[in-house]
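Colleague: The structure's right below; bear with me while I get my questions together.
The values are calculated or read from the model by the stated rules, or taken from the named source; none is laboratory data. Bear in mind the structure is a predicted one, so any value in this text is a computation, not a measurement. When we count neighbours, we look across all protein chains shown, and the Cβ atoms used for this are built from the backbone with ideal geometry, even at glycine. Side chains are part of the model used for accessible areas, which takes the heavy atoms of the whole protein and leaves out ligands, DNA and RNA. Shrake-Rupley method; radii C 1.70, N 1.55, O 1.52, S 1.80 Å.
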Amino acid sequence: GGENAAAPDGFKPVPVSPVIGDVPLGNENASVTVLEYASLACPHCRDFWKQEFPRFKAAYIDTGKVKYIYRDLPIDNDMSIMLAAVSRCKGKDAYYDLIDDIFTHQYEIFDAARSGGAGPLIGQVGERHGLSKDELRTCIDHAPALKDSIYKSGQEGSEGHRGAEKLR
């Protein structure tokens with residue numbers, strides 16, 4: 001549906017300001033930029049984020065040596081896109097906190113999804129970061145520009161790192 005189009009069940013999208021594009025973390029002027037293409041639905045990506053990324057962040061991002069950028073690389077057409085939309089729904093200030101929360105609860109979300117029960121868990125993630133159910137639904141189902149940016153990021157990641165020229 002369109003950004004303002006009502007859903008068949010009568011849901012009317014609400015105003016949201018999702019982040020579209022890159023959200024750099026660290027020193028904007030760092031001589032090294034690290035691009036990570038990952039999926040919020042990928043268990044290996046989750047393991048890296050929860051186990052290795054904190055050490056990497058402390059050693060390189062927090063010290064100003066590296067500018068880090070997480071980019072979406074959806075590994076399927078449903079859950080990856082939905083989780084990426086959720087992570088971007090609250091804007092730049094909440095982006096990395098939402099990524100962390102989604103990765104933290106990834107197993108529970110996917111376990112619940114097997115029986116059709118992922119929605120309430122995703123709703124809880126959003127609520128912890130100040131997102132209403134209507135805002136989440138708008139970002140998931142009624143924000144075509146957001147979904148287009150997620151697909152574009154995935155295409156760039158699949159084709160290689162052509163986007164790296166833009167960072168220089």
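Colleague: Once label points are set 7 Å from the Cα along Cα→Cβ at both His129 and Ser31, what is their separation, rounded to one decimal in nm?
Modeller: Result: 3.4 nm between the two label points.
Colleague: Moving on to the next point. Per residue, how many Å² of accessible area does the chain show with a 1.4 Å probe? Numbers along the way, then the final one.
Modeller: Values: 8930 Å² over 168 residues.
Computed with neighbouring chains in place, this is 53 Å² per residue.
Colleague: In Å and on Cα atoms, what radius of gyration and Dmax does the stretch 35-168 show?
Modeller: 14.8, 46
Colleague: Also, I was wondering about something else. Helix-derived [θ] at 222 nm for the chain: sum -39500 (n - 2.57) over DSSP H runs of at least 4, divide by residue count, nearest 500?
Modeller: Mean residue ellipticity, 222 nm, calculated: -13000 deg cm²/dmol.
Colleague: OK, next. Pick from Ala143, Ala59, Ala85: which is most flexible by mean-square fluctuation in a GNM of the chain where alpha carbon atoms under 10 Å apart are linked?
Modeller: Its mean-square fluctuation being the largest, the pick is Ala59.
Colleague: What is the distance in Å between the Cα centroid of the stretch 119-150 and that of the stretch 61-81?
Modeller: A separation of 18 Å, based on Cα centres.
Colleague: Under 5 Å between amide hydrogens, which residues at least 5 positions from Gly91 or on another chain qualify, with H placed 1.01 Å from N in the peptide plane?
Modeller: The answer is Val19.
Colleague: Quick one: how many lysine pairs in the chain have C-alpha atoms under 13 angstrom apart, if they're 8 or more apart or on different chains?
Modeller: 4
Colleague: With the full set of protein chains in place, find how many percent of the accessible area of the chain is carbon and sulfur; take the probe as 1.4 Å.
Modeller: Carbon-and-sulfur percentage of accessible area, whole number: 51.
Colleague: Using heavy-atom solvent-accessible surface (probe 1.4 Å) with all chains present, what is the largest-first order of Arg71, Arg46, Arg128? All intermediate terms of the calculation are to be shown ahead of the outcome.
Modeller: Values: Arg71 15, Arg46 60, Arg128 125 Å².
Most to least solvent-accessible, the answer reads Arg128, Arg46, Arg71.
Colleague: Follow-up question, since we're still on this one. Show the residues, 5+ positions off or on another chain, whose built amide H is closer than 5 Å to the amide H of Arg71.
Modeller: For Arg71, the qualifying residues are Glu36, Tyr37, Ala38.
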